[in-house]
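Here is the structure we will look at, set down as structure tokens.
We did not get these values from a lab; they are worked out from the coordinates using the rules stated. What you see is a predicted model; the values in this text were computed from it and never measured. Heads up, the Cβs are rebuilt from the backbone with ideal geometry, glycines too, and the neighbour counts pull from every protein chain shown.
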Amino acid sequence: MPVVAASGRGRRKVRFPAGNSSNNRLQNKTTAHNNNNSSRLHPASGQKHSMAATAAQELRIPSIFRELPQLRDLLTTQTSTVQDETVEKCLPLLRGTDGSLRGNVNELGLAHLLRDYHIDYLYDSLEDYPETFVSLDSSRPWMSYWALASLTLLGEDVSKYRERVISTISPMQNDTGGFGGGHGQMSHLASSFPAVLCLALVAGQAAYKLVDRRAMWLWLGKLKQPDGGFQLVAGGEEDVRQAWRGAYCAIVIISLLDLPLELPPESEARKHGLHTFVSGLPEYLSRCQTYEGGLSGKPSAAEAHGAYAFCVLACLCILGKPDEMITRYMDVPLLLSWLSARQYAPEGGYSGRTNKLVDGCYSHWVGDCWPLVQSALRGATDSAPSVDSNLYSREGLARYILNCCQNKIGGLRDKPGKQPDSYHTCYTLTGLSGLQHQHYYTETTQSQSNTISGGVFSSAFCWKSVPSIDAGSEGRDIFDDGDRLASFHPLYTIPHKNAEALRRWCEERPI
Ligand code: FPP
Ligand code: K
Ligand code: ZN
């Protein structure tokens, strides 16, 4: 995505919300970390550490993450050249010897999470932008979502942004339903989706009641297509390359806001024999699987890509139980083959498609497909699967995110050499949280209060997670306690409790 949230080159002057001074917060956080983990070095402490000079072997880094691959194709192409350049940039970071890490690594050679710097970066990303950022004007709900979601993962309470989110998002809602990307812009699914997630993140009645749910339902009725998919904009030219994300965004909105499943009477799709928003949808998603086993952006064509994969699989899992939906509508062995091929060594990160480079954002788009596919294979369980049953290298991705994607003054990036932005910060952290939790699907809803029904989407509210801890061959988990993030609902990419609270509030107010 062509998004650069805030320059990673230098720290801007940050204005924090009243009563939340940056200095106090940073000091308190640093003290808390030091108390919790006296061996942990905060890079801001100014302490010099000799670790940078320590050999990778001493840091107990498996050779697969510090050496070139053993099998190499000798044909040189543009693809192999940029691949080699990427590996060369990653290796010193993976070995823990790169000066930019400032020796801030644990005994297994994993860099510590630069929590305070990322928090500062994200608060900054919610402030003013210079005029050169004007192209971001249509991504305002996204900018808010990426920052609020990231801050939530990092343990910050974002409910303090409720009033600001309400005043930012309100003018973007159109009377005819849905949200545009900025003031006076047409409603778009790709802006209504982050707008609803922002309201869920800040939570509370004042935020929830902002959405005109009846108008939203009528508007979504105009987007439903005869082929089962969804357009992104009503009456606009269909950008077929993006039809896939329309389906995910629409189903997230419908299930979180408890909108009627029936299509509005005036919906065009009714003339083609469809009656509900779900009609023809799983079959439509099924047709997006390609010969490689991955998912493409539209049926029977185009290239399989990681971002499509998450949207399609998460959409199927909102529509029903993973072991029924994924198994019925996907060729699972082929999907497993393509997903597995996305993770590279020595980098440890994922690429989005065949013969392309690793990129931190696929830690979510590809990485967070795994809990869904694994749950499809296991079926419902009452307890979390063990970490060693994971079908991907948790350690490899952790090393890529923490060692290669962190900007030393805050924010996370696609790969070494790139500037951080709030999109990559959000999706690397979402992927990291995915690694730090074992997600599983149960037959009972997670809800504490038991007042949530979920309706036809009840299975979407039956996901649970526990922190993943692996004693492993090293006798300890790869993550230090201070480097752990909050858990997100694996389908909605906000905390479970935020998804449930919004759904429950809407169930209590049928439209
Ligand atoms: C390729 O970019 C990127 C895409 C084909 C899709 C981007 C879409 C998203 C990230 C998801 C949006 C999701 C929602 C829910 C709205 P590239 O060619 O720069 O990257 P590559 O080389 O890694 O393929
Ligand atoms: K990319
Ligand atoms: Zn990316």
**OP:** Work out how much length Asp481 to Val466 would gain on full extension: take 0.36 nm times their residue separation and subtract the Cα-Cα distance, in nm to one decimal.
**Re:** 4.0 nm
Original post:
If you average the sequence gap of Cα pairs under 8 Å that are 6 or more apart and divide by the length of the chain, what percent do you get for the contact order?
Top reply: 17
**OP:** Only Cα pairs under 8 Å and at least 6 apart count here; give the relative contact order of region 456-511 as a rounded whole percent.
**Re:** 24
Original post:
What's the extension gain from Asp128 to Asp331 if we count 0.36 nm per residue and subtract their Cα-Cα distance?
Top reply: 68.4 nm
Subject >> Top positive-direction residue, dipole computed over region 213-363 with Cβ charges, set Trp338, Gly306, Leu220 >> reply: Leu220
Original post:
Calculated FRET efficiency, Ser100 and Leu210, Cβ-Cβ r, R0 45 Å, to nearest 0.05?
Top reply: 0.60
Original post:
Counting Lys and Arg as +1 and Asp and Glu as -1, each charge on the Cβ, what is the dipole of region 259-314 about the Cα centre in debye, to the nearest 20?
Top reply: 60
Subject >> Rel. contact order, % - alpha carbon contacts under 8 angstrom, at least six apart, region 366-422 >> reply: 18
Original post:
Under the classification rounded if a/c is under 1.5, otherwise prolate if a/b is larger than b/c and oblate if not, where does region 402-511 fall, given a ≥ b ≥ c as square roots of the Cα gyration tensor eigenvalues?
Top reply: oblate
Original post:
Given the Cα-Cα distance of Thr176 and Leu391 and 0.36 nm per residue of separation, how much length would full extension add, in nm?
Top reply: 72.9 nm
Subject >> Zone residues, region 286-317, relative to Ala341, backbone N less than 12 Å from point 7 Å out along Cα-to-Cβ >> reply: 290-295, 304-305
Original post:
What aspartates and glutamates sit close enough to Lys298 to cross-link, taking a C-alpha to C-alpha distance under 16 Å and skipping anything fewer than 8 places away on the same chain?
Top reply: Asp227, Glu237, Glu238, Asp239, Glu283
Original post:
Where the only charges are on Cβ atoms (+1 Lys, Arg; -1 Asp, Glu), what is the dipole of region 97-174 about its Cα centre, to the nearest 20 debye?
Top reply: 240
Original post:
Add -39500 (n - 2.57) for each DSSP H run of 4 or more in the chain, then divide by its residues: what number comes out at 222 nm, to the nearest 500 deg cm²/dmol?
Top reply: -11000 deg cm²/dmol
**OP:** Please go through the residue pairs Lys224/Lys321; Lys222/Lys497; Lys89/Lys464; Lys321/Lys497; Lys418/Lys464; Lys160/Lys321 and name each one whose alpha carbons sit more than 28 Å apart in this structure.
**Re:** Lys222/Lys497; Lys89/Lys464; Lys418/Lys464; Lys160/Lys321
**OP:** Among the aspartates and glutamates, select those whose C-alpha is under 18 Å from the C-alpha of Lys356, and discard any that sit fewer than 8 residues away in the same chain.
**Re:** Asp73, Asp84, Glu85, Glu88, Glu292, Glu303, Glu347, Asp414
**OP:** Tell me the label-point distance for the pair His183, Lys356, using the 7 Å Cα-to-Cβ offset, in nm and rounded to one decimal.
**Re:** 3.6
Original post:
What's the exposure ranking of Phe277, Phe133, going from fewest to most Cβ atoms within 10 Å?
Top reply: Phe133, Phe277
**OP:** Based on other C-beta atoms within 10 Å, arrange Met186, Met172 from fewest to most.
**Re:** Met186, Met172
Original post:
What is region 295-407 by shape, rounded, prolate or oblate, if you read a ≥ b ≥ c off the alpha carbon gyration tensor as root eigenvalues and call it rounded for a/c under 1.5, prolate for a/b larger than b/c, and oblate otherwise?
Top reply: oblate
Original post:
In debye to the nearest 20, how big a dipole does the chain give about its Cα centre with +1 on each Lys and Arg Cβ and -1 on each Asp and Glu Cβ?
Top reply: 840
